[in-house]
Amino acid sequence: MYSQSFSSTLGSTNQEYVFGKLVKLESRLNKIWGRWIEHQLTIISSTPLSNTVLPCTKAFPALVRKVENIIEALSIDDYKELASYKELATNYEAIWNAINCILTNFESENPENFNVVRRGTDMSSTTIARMNTAPENTESINNHLILLINYKWLSDQIKDLDTLPSHMKGTVDELRSTELSHYCQLIAQTNTIGELVELLKHINELAKTRTNPSKTNAYSSSIVKKVLAKFQGDHLRETIKELSSIVSKQIIGTCYSREGDFENEFSRKIGDEIEKDLFVSCLNSLSIIYTTNFSKLGSILKDYYDNVSNPADKSVITRYFNKEMTSL
């Protein structure tokens, strides 16, 4: 990029010899860079997935940042107008596509672990316990977490990089947001709040058919009270603490290795920050799931269950979740 910038200033002068040498140097450097990029793409494509952030996920933002530091040190003006910058942007796209290909291929090759479908309408405790411990649920949660931590690392680390195309940053952040939603929905599904979510879903389906759910055996007042008893008094706080503990155990330790000297101090620092931020983001999303569903519950109780009270309100839920967010 520097040789191209310098040669462009000589192109209109009579220093043909120097200009010719710079053009040859530029061509040689482009070939070396191109071969290096191809080698990196080969390495990325053969990277196996693990339960931690991929090495290429960490290396990509670090590479871009290093290139930007070089550009700044060389004081290259209007570098985005140079052909070499356009080639650089193309290379960045290729690296990002290779990384994303690993992640999206993982999802497409394991569709059964990214779309947990529940069967049946029996809301007995036995059914809920079976859903909570089903291997496909655990596998699906783990798989979405792998995607989430990789997109989260990328999103955080590339947002301030000037040489990356803006559409790439937007795509990565959208993927992060989507995986955050999927992960939190699955965490909620497979824990106590999931029983309430499922209950409300089936009650609403009955209501749409103009059936009074409280008059049915499956969703009588006694059945609803039994489900809501799990959120009465201290039980509400306990369900939230349980979710917080589950999320913490799953996220902490995913962004860098705690063993040996595989990670440098900079990577460890970033990893700590991302894990804590992701933990808070997940609890925020779960808090919304709680408040949204207890709000829906209030409307249903008002319409069909006059003799049943709502065990929680938004202020209490928010207070409990805020306390858990500061637990790390």
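The values are calculated or read from the model by the stated rules, or taken from the named source; none is laboratory data. Given the structure is predicted, the values throughout are model-derived calculations rather than measurements. We place every Cβ from the backbone using ideal geometry, glycine too, and count neighbours over all the protein chains shown.
Couple of notes before you dig in:
- Those residues of the range 146-180 which are in contact (Cβ under 8 Å) with a residue 24 or more places away in the chain and touching a Ser or Thr at 6+ places or on another chain (Cβ under 7 Å), in sequence order: Ile149, Asn150, Trp153, Leu154, Val172, Arg176, Leu180
- The range 62-82, residues that are more than 24 Å from Ser155 (Cα to Cα) and loosely packed, with under 12 Cβ neighbours inside 10 Å: Ala73, Ser75, Asp77, Asp78, Glu81
- Taking the numbered list (1) of a type in the set (Ser, Thr, Tyr); (2) buried (at least 16 other Cβ atoms within 10 Å of the Cβ); (3) closer than 30 Å to Glu139 by Cβ; (4) at pLDDT 95 or above in turn, Tyr256 passes all entries but (4).
- Restricting the range 29-50 to residues that are surrounded by 12 or more Cβ atoms within 10 Å (Cβ to Cβ) and outside any helix (DSSP H, G or I) leaves a set whose member that is farthest from the chain's Cα centre (by Cα) is Thr47.
- Taking the criterion of being of a type outside the set (Val, Ile, Thr) and touching a residue at least 12 places away in the same chain (Cβ under 8 Å), the residues of the range 84-99 that qualify are Ser84, Tyr85, Glu87, Leu88, Ala89, Asn91, Tyr92, Glu93, Ala94, Trp96, Ala98.
- Residue match in the range 261-270 (condition: in contact with an Asp or Glu (Cβ under 7 Å, 6 or more places away or on another chain) and not in a helix (DSSP H, G or I)): no
- Flag for Asn293 being closer than 26 Å to Gln157 by Cα, at pLDDT 95 or above, of a type in the set (S, T, N, Q) and not in a loop (DSSP other than H, G, I, E, B): no
- Some residue of the range 314-326 being within 30 Å of Leu54 (Cα to Cα) and in a helix (DSSP H, G or I): yes
- Hits in the range 218-236 - residues which are part of a helix (DSSP H, G or I) and crowded, with 17+ Cβ neighbours inside 10 Å: Ile223, Val224, Val227, Leu228, Lys230, Phe231, Leu236
- The set of residues in the range 264-290 that are crowded, with 18+ Cβ neighbours inside 10 Å and of a type outside the set (Gly, Ala, Ser) comprises Ile270, Ile274, Glu275, Leu278, Phe279, Cys282, Leu283, Leu286, Ile289, Tyr290.
- Residues considered: Val308, Val247, Val280. Of these, the only one that is part of a loop (DSSP other than H, G, I, E, B) and modelled with pLDDT of 95 or more is Val308.
- Residue check, Ser108 at pLDDT below 90, among the polar types (S, T, N, Q) and over 20 Å from Leu145 (Cα atoms): no
- Tally of residues being modelled with pLDDT under 90, in a helix (DSSP H, G or I) and aliphatic (A, V, I, L, M) across the range 64-87: 5
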